[in-house]
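Below is one structure, written out as structure tokens, with a few remarks after it.
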């Protein structure tokens with residue numbers, strides 16, 4: 001097997017994996033999970049919402 005053939009096969013395989021990841025990312029079935037994950041940094045922790053994060057009593 002020629003080294004250039006091996007390099008070409010690795011390149012084609014890598015491109016195929018990239019296209020597969022992109023298709024999985026943009027699939028409509030995953031949209032809800034990705035939207036939820038995108039909002040995580042902006043959500044308050046449950047303890048902070050209830051006022052018990054700093055030891056305050058309700």
Rh (Kirkwood, all Cα-Cα pairs) for the stretch 1-44, Å, reads 13.0 Å
Nearest-0.05 FRET efficiency for residue 10 and residue 39 at R0 = 35 Å, using Cβ-Cβ distance, is 0.40
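Where a number appears in this text, it was derived from the coordinates with a stated rule and is not lab data. In this text, all values refer to a predicted model and were calculated from it rather than measured experimentally. Quick reminder, even Gly has a Cβ in these numbers, built from the backbone with ideal geometry, and neighbours come from all protein chains shown.
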